[in-house]
């Protein structure tokens, strides 16, 4: 639909994403101490349960984040 | 010496936010950016960030003077104002030759903000209620699948509508689908939600006695999808005679459904089913 568009820079895209993460972290920052206090102790899941839970959560957060960014960029670039 | 914290009352913070929002709005207005689909789509993560900020306040209360900024409607204004500041920053730092890709950078910055906020929600629910997290995360996956199927079908059976809708139409369908799933799950789990996604209370009769939760989900999502097809089909028909009106209508519908869907899904479900 748009006739002529500059080629986007991967480096600038990554920098913008990291800047957004920092901005979002700054918004969360005021509640980090009370937030950590509400979380159950990792020891309550046992060593294997803790490793599994952290692993699954990491996959969910990183994988979900990558998929969201991929489709988000696809939608904007495709419009 | 006057204590600074005594000056930072909720009223002062709201006034300051309004002043900054007004200034940002004026500066953007002076620049006169072209409002097109890409800008509209890139602004959606910022809108969702407002909902996530408000949802996070439901999990962990923000300290006193700041809590007013993450309540409704100021959480949305805060997120959109931050988005406006980022837009102005991008305009200032980007070379004029590459400003056509500004919506991409604007959108990906918004996604970064949104992911930081939702990560906090995911970690909280993942540790406190892993089963709840599984239900919560299945909603966007199901909504994405439903969106793909509906847009594919639209492209096959109504090619004109499919071509007109494009990625903005896909965003609209996804928003309506996730709004339907969020509303249905909230109802199925006895969490009453107003049309604007505001949790009204939990003391309601269980729907499980009336219908199976899955039937509730399917019925509510089905109604949303019929609405999506009607809106896209109607706008595509309007596009033949008044293309500008149809284009603006699609952009407006995409933003409106994005706001409602983000609020319903993140606020109602982010607050938990308990």
Scope the range B:98-113; condition at the interface with chain A (Cβ under 7 Å from one of its Cβ atoms) and either surrounded by 24 or more Cβ atoms within 10 Å (Cβ to Cβ) or touching a helix residue (DSSP H, G or I) at 6+ places or on another chain (Cβ under 6 Å) (or both); matching residues: B:103, B:104, B:105, B:107, B:108, B:109, B:110, B:111, B:112, B:113
Some residue of the range B:16-36 being in contact (Cβ under 8 Å) with a residue 40 or more places away in the chain and buried (at least 20 other Cβ atoms within 10 Å of the Cβ): no
Qualifying residue in the range B:24-39 (condition: away from chain A (no Cβ under 13 Å), at pLDDT 90 or above and farther than 27 Å from residue B:249 by Cβ): yes
Those residues of the range A:12-41 which are more than 8 Å from chain B (Cβ to nearest Cβ) and either within 27 Å of residue B:57 (Cβ to Cβ) or in contact (Cβ under 8 Å) with a residue 24 or more places away in the chain (or both), in sequence order: A:26, A:29, A:32, A:33, A:36, A:37, A:41
Conditions (1) more than 22 Å from the chain's Cα centre (by Cα); (2) modelled with pLDDT of 55 or more; number of the one not met by residue B:229: (1)
Residue within the range B:203-210 that is at pLDDT below 85 and buried (at least 20 other Cβ atoms within 10 Å of the Cβ) present: no
Matching residues, the range B:65-97, being surrounded by 16 or more Cβ atoms within 10 Å (Cβ to Cβ), over 22 Å from residue B:10 (Cα atoms) and at pLDDT below 85: B:94
Whichever residue in the range A:65-79 is within 7 Å of chain B (Cβ to nearest Cβ) and closer than 20 Å to residue B:122 by Cα and, among such residues, is surrounded by the fewest Cβ atoms within 10 Å (Cβ to Cβ): A:68
So residue B:184, is it at pLDDT below 80, part of a helix (DSSP H, G or I), buried (at least 22 other Cβ atoms within 10 Å of the Cβ) and in contact with a helix residue (DSSP H, G or I) (Cβ under 7 Å, 6 or more places away or on another chain): yes
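The values are calculated or read from the model by the stated rules, or taken from the named source; none is laboratory data. These numbers come from a predicted model, not from an experiment. Positions of Cβ are backbone-derived with ideal geometry, glycine not excepted, and every protein chain shown enters the neighbour counts.
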